[in-house]
Amino acid sequence: MVTVHIADDHAMVVELLIPVINDSGIARVTGSSLMLSECRKTLASNLPNILLLDINMSDGNGIVFCAEVHKLYPDLKIIGLTGHDEYSSVMLMLKNGASGYIVKSEAVSEVLEAIHAVTNGETYVSRKMEQVIRKTTKMDVSLTPREKQVLQMVAIGMSNPQIAGQLKVALSTVLSFRKKLNLKLNASNPVELISNARKEGLID
């Protein structure tokens, strides 16, 4: 079963999430931290599969901590759990290694959806943040070489399984690339993705 550690300086949030996750049948909480210093020590001795990480902790910046943890434990899936719904916040979290981003004002079920998604190699952004991203007109498009490769394959009409076969990667990896491309290009479907990519001069 998927193991989860919660790092949040609001005890009430932690107490709310523990039974929800433990009763889900897909994951269980193996620990929690009210401070980043506590979380750092716990991860060093008992690494979970997923870290639910608040961005604003009493003893530090969660985004900076996300980058630190991702560098130390690249296989650890990090999901940002925060009250911030700004475009810049979600993009910084993803840039620094997060696999998901949830706004606390949304339904608790979003947490379970995120856990399921990142476990399967996908990038998860809550519904509210997807709306924020789509409404953001300014694009800060910087694609990795592999993302550019996947984008070109999508542009010529290749399916996800075909892309996975061509690149010799798992289908879940391709789905993760597609999710990141949609986020970076403010797209919600393949048509928008290709259209926005053309506007940005990323494809012909």
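Just so it is clear, none of the values below were taken in a lab; they were calculated from the coordinates. On a predicted model such as this, the values are computed, not experimentally measured, just so you know. Reconstructed Cβ throughout: ideal geometry from the backbone, glycine too, with neighbour counts over all protein chains shown.
Quick notes on this one:
- Relative contact order computed over region 151-204 (Cα-Cα under 8 Å; 6+ residues apart), in percent: 30
- Ranked packing of 117-123, 14-20, most packed first, by mean Cβ within 10 Å: 117-123, 14-20
- The chain: relative contact order as a whole-number percent, Cα under 8 Å and 6+ apart: 14
- Pairs of Cα atoms farther than 21 Å apart, region 93-204, %: 37
- Residue pairs exceeding 29 angstrom between C-alpha atoms, taken from K128/K148; K128/K168; K41/K179; K77/K148: K128/K168; K41/K179.
- The charge dipole of the chain, taken about its Cα centre with unit charges on the Cβ atoms of Lys, Arg (+1), Asp and Glu (-1) only, comes to about 780 debye.
- Sites D23 and R198 - FRET efficiency at Förster radius 45 Å, r taken between beta-carbons, to 0.05: 0.45
- Mean separation of Cα contacts under 8 Å, 6 or more apart, over the residue count of region 1-108: relative contact order %: 25
- Spin-label pair K71/S142, simplified geometry with 7 Å Cα→Cβ offset, distance in nm: 1.6
- Taking 0.36 nm per residue of sequence separation and removing the Cα-Cα distance, the S58/E86 pair yields an extension gain of 8.1 nm.
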